[in-house]
Amino acid sequence: MPGNSVKNASTGVLYQGVVTVAAAWIDPTSAELHKIIPGDLRGISTSGVVKSLTSYGMAAIELTGTAGEMLQIADGKKANLSFPLPASAEASAPAEIPLWYFDEVSGFWKEEGSATKSGNNYVGEVSHFSFWNCDVPGNFVQFNCTVVNNSGQPIPNALVKISVVSNPVNFRYGNTDSSGYVSGAVPENSQLLLEVF
């Protein structure tokens with residue numbers, strides 16, 4: 001971050017003092033991803049279209065001041081972020097990728113800027129801190145199913161995971177409700193693997 005680039009998130013006044021950074025990288029290939037990230041990997045592109053997202057790296061960043069006040073990047077300033085790229089995702093990782101932040105109000109990721117592949121990392125600039133995600137957008141279709149046991153009884157709270165066979169980094173997940181039902185967006189025109197846990 002450049003100098004004089006932090007403000008009080010509530011007042012907008014430039015902050016002078018010690019800045020505490022809380023940051024965590026989120027592995028997009030983790031089997032626990034559905035328990036870690038906000039949202040369901042659907043994003044709204046800069047053109048306003050809802051897209052299905054394939055993540056190549058995420059981070060959660062938060063700044064606080066000495067009194068515990070929330071801080072943010074000052075208006076007109078940007079910070080560089082670097083996202084490690086998992087070895088298993090390197091083969092399918094594009095040279096440039098859109099950046100998305102999580103909008104807690106809408107529950108969607110929103111496209112803002114891009115990152116460039118540099119060695120084993122994606123590097124890009126952001127204008128504020130929150131959850132950030134390096135994602136390839138794609139079109140999707142709605143998938144619905146009911147999970148039952150051998151006796152035909154619904155299985156509640158089963159984890160249903162659907163991944164693209166040719167690119168396992170591209171997956172979706174959801175838990176069945178009390179009637180064994182689950183639905184969600186999955187990539188279109190792809191050979192998919194369905195797993196129930």
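Output the residue which, of all residues in the stretch 67-117 that are basic (Lys, Arg) and over 24 Å from residue 4 (Cα atoms), is surrounded by the most Cβ atoms within 10 Å (Cβ to Cβ).
The extreme case among them is 117.
Yes or no, residue by residue, for (1) assigned to a loop (DSSP other than H, G, I, E, B); (2) under 30 Å from residue 175 (Cβ atoms); (3) at pLDDT below 95:
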position	(1), (2), (3)
76	yes, no, yes
97	no, yes, no
100	no, yes, no
106	yes, yes, yes
113	no, no, no
117	no, no, no
125	no, no, no
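Residue 147: open to solvent by less than 30 Å² (accessible area, probe 1.4 Å) and either more than 22 Å from residue 49 (Cβ to Cβ) or not polar (S, T, N, Q) (or both), yes or no?
So residue 147 fits the description; yes.
From the list 35, 7, which residue is modelled with pLDDT of 90 or more and among the basic types (Lys, Arg)?
Answer to the selection: 7.
Just checking, does the stretch 156-167 include any residue being at pLDDT below 95, farther than 14 Å from residue 42 by Cα and open to solvent by 70 Å² or more (accessible area, probe 1.4 Å)?
The answer is yes; a qualifying residue exists.
Tell me, please, whether a residue that is under 24 Å from residue 159 (Cβ atoms), outside any strand (DSSP E or B) and touching a strand residue (DSSP E or B) at 6+ places or on another chain (Cβ under 8 Å) can be found in the stretch 3-12.
no
Of the residues 188, 112, 195, only one is within 30 Å of residue 63 (Cβ to Cβ) and charged (D, E, K, R); which?
So the residue among 188, 112, 195 that is within 30 Å of residue 63 (Cβ to Cβ) and charged (D, E, K, R) is 112.
Looking at residue 55 and the list (1) surrounded by 13 or more Cβ atoms within 10 Å (Cβ to Cβ); (2) at pLDDT 95 or above, which single condition is not satisfied?
Unmet for residue 55, out of (1) surrounded by 13 or more Cβ atoms within 10 Å (Cβ to Cβ); (2) at pLDDT 95 or above: (2).
Could you tell me whether the stretch 65-73 includes any residue that is out of contact with any Phe, Trp or Tyr (no Cβ under 9 Å at 6 or more places or on another chain), closer than 14 Å to residue 126 by Cβ and not in a strand (DSSP E or B)?
No.
When you check residue 171 against the structure, is it aromatic (Phe, Trp, Tyr), open to solvent by less than 60 Å² (accessible area, probe 1.4 Å) and in a strand (DSSP E or B), yes or no?
Judged against the criteria, residue 171 is a match.
With (1) on the phi > 0 side of the Ramachandran plot; (2) open to solvent by 50 Å² or more (accessible area, probe 1.4 Å) as the list, and residue 39 as the residue in question, which single condition is left unmet?
(2)
Read through the list (1) over 19 Å from residue 82 (Cβ atoms); (2) out of contact with any Gly (no Cβ under 7 Å at 6 or more places or on another chain); (3) at pLDDT below 95, then give the number of the only condition that residue 29 fails.
(1)
Using the structure shown, decide if residue 22 is farther than 15 Å from residue 136 by Cα, modelled with pLDDT of 95 or more and either surrounded by 12 or more Cβ atoms within 10 Å (Cβ to Cβ) or under 11 Å from the mean Cα position of the chain (by Cα) (or both).
no
Among the residues of the stretch 18-64, count how many are under 15 Å from residue 100 (Cβ atoms) and assigned to a strand (DSSP E or B).
Of the residues in the stretch 18-64, 16 are under 15 Å from residue 100 (Cβ atoms) and assigned to a strand (DSSP E or B).
The values are calculated or read from the model by the stated rules, or taken from the named source; none is laboratory data. For clarity, every value in this text was computed on a predicted model and none was experimentally measured. Ideal geometry is used to build each Cβ from the backbone, glycine not excepted, and the neighbour counts take in all protein chains shown. The protein model used for the area step is the full one, side chains on, heavy atoms only, and it has no ligands, DNA or RNA in it. Shrake-Rupley method; radii C 1.70, N 1.55, O 1.52, S 1.80 Å.
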